[in-house]
1. So, of the residues in the stretch 229-242 that are assigned to a helix (DSSP H, G or I) and of a type outside the set (A, V, I, L, M), which turns out to be nearest to A79 (Cα to Cα)?
2. Which of the residues spanning the stretch 192-239 are hydroxyl-bearing (S, T, Y) and open to solvent by 80 Å² or more (accessible area, probe 1.4 Å)?
3. So, in the stretch 243-287, how many residues would count as being open to solvent by less than 90 Å² (accessible area, probe 1.4 Å) and not in a helix (DSSP H, G or I)?
4. Answer yes if at least one residue in the stretch 173-190 is aliphatic (A, V, I, L, M) and more than 17 Å from V115 (Cα to Cα), and no otherwise.
5. Residue check, A79 against (1) within 23 Å of M265 (Cβ to Cβ); (2) exposed (fewer than 14 other Cβ atoms within 10 Å of the Cβ), all met but one. Which one?
6. What pairs can you find where one residue is in the stretch 164-181 and more than 17 Å from S49 (Cβ to Cβ), the other is β-branched (V, I, T), and their Cβ atoms are less than 6 Å apart, with a gap of 6+ or different chains?
7. Can you name every one of the helices (runs of 4 or more DSSP H) wholly within the stretch 23-138 that holds 3 or more residues which are of a type outside the set (F, W, Y), closer than 30 Å to G255 by Cα and modelled with pLDDT of 85 or more?
8. Being among the polar types (S, T, N, Q), assigned to a helix (DSSP H, G or I), within 27 Å of A44 (Cα to Cα) and modelled with pLDDT under 85 narrows it down to one residue among S220, S163; which is it?
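The values are calculated or read from the model by the stated rules, or taken from the named source; none is laboratory data. From a predicted model like this one, the values you see are computed outputs, not experimental measurements. Methodologically, a virtual Cβ is constructed for each residue, glycine included, from the backbone with ideal geometry; neighbour enumeration extends over all protein chains shown. The area values use the complete protein model at the heavy-atom level, side chains included, leaving out ligands, DNA and RNA. Shrake-Rupley method; radii C 1.70, N 1.55, O 1.52, S 1.80 Å.
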Amino acid sequence: MTIVLGLLLGVGLLAAVSPLMWPNRETQSRSGTTLIDRANERLAQAGLSRVGVPVVVVVSLILAAASAALTFAFVTVLAVAGAVAGVALALPWSVILWRARAQRRATRVVWPDVVDHLVSAVRSGLALPDSVMTLAHSGPVATRGAFRDFERDYRMTGSFADSLNRLKDRLVDPVADRIIETLRMSREVGGNELTTVLRNLAAYLRQDAAIRSEVEARQSWVVNAARLGVAAPWIVLLLLSTRPEAAYAYNTPAGGAVIVVGLVMSVVAYRIMMSIGRLPEEKRWFG
């Protein structure tokens with residue numbers, strides 16, 4: 001009976017890990033494409049759409065190697081140099097994520113003005129494509145570049161739907177997706193309630209931006225505490241590693257294990273604190 005239970009347990013574990021050990025080629029290809037698409041989306045949100053993912057990878061590797069060599073030159077502890085290399089490896093992507101979030105916070109307050117300009121253009125009797133093109137000249141400065149590209153695309157192709165799709169790819173924002181899909185539905189289905197829907201959307205966006213700003217201001221202490229709590233022990237470790245006896249202790253297998261475990265715990269604690277202190281991001285509409 002024990003042998004049978006052991007065999008059943010082994011078969012169950014093998015079935016559980018089989019998707020990871022022998023993934024389907026189609027699923028593996030789709031997941032890889034999704035990761036690349038997400039990376040390109042983050043780059044576009046950060047205003048770095050012309051920078052490719054391979055460039056970021058190369059810069060990360062060069063920065064990690066240089067940081068490890070410089071750290072090991074001053075602190076002769078291999079584990080500390082490896083930890084610094086790991087942090088430097090993730091630094092470019094962290095900066096990109098930070099810049100993307102900052103860009104979204106900066107543009108969050110201008111979307112109600114964009115909707116107001118659309119309402120004014122529609123009420124003046126302009127067609128939907130012409131109403132959208134007016135944003136290239138009279139809309140908020142932060143979004144004029146994307147709408148100028150839309151104006152150029154529409155004049156070249158004459159396809160409103162395709163131009164809207166390319167506009168979504170340039171703006172890369174959930175609020176922009178909501179506005180664009182509303183315009184697309186009005187164009188395809190018709191109706192006389194577009195201005196009412198846009199007014200209600202503008203009121204909701206203003207209320208949402210105000211609430212988010214207030215909550216983010218109140219939770220900023222959580223984010224600052226997480227950064228300080230992660231940085232402080234490593235600063236102390238770097239100072240201690242400059243002493244020869246401490247460097248000798250940390251170069252032993254036990255000392256290296258302490259540094260590796262501390263690095264893993266720091267990363268996990270930092271991610272938990274950041275997830276607590278940051279509001280969930282809105283998902284894109286058909287992005």
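1. Ranking the candidates gives S241 first.
2. Y204
3. The number of residues fulfilling the criteria is 8.
4. Looking through the stretch 173-190, at least one residue is aliphatic (A, V, I, L, M) and more than 17 Å from V115 (Cα to Cα).
5. Only one criterion in (1) within 23 Å of M265 (Cβ to Cβ); (2) exposed (fewer than 14 other Cβ atoms within 10 Å of the Cβ) is unmet by A79, namely (2).
6. Final answer for the pair search is L164/I180.
7. On the way: elements: 25-45, 53-74, 78-108, 111-123, 128-133, 135-138.
Passing ranges, in order: 53-74, 78-108.
8. Numbers: S163 fails: modelled with pLDDT under 85.
After ruling out the rest, the residue left standing is S220.
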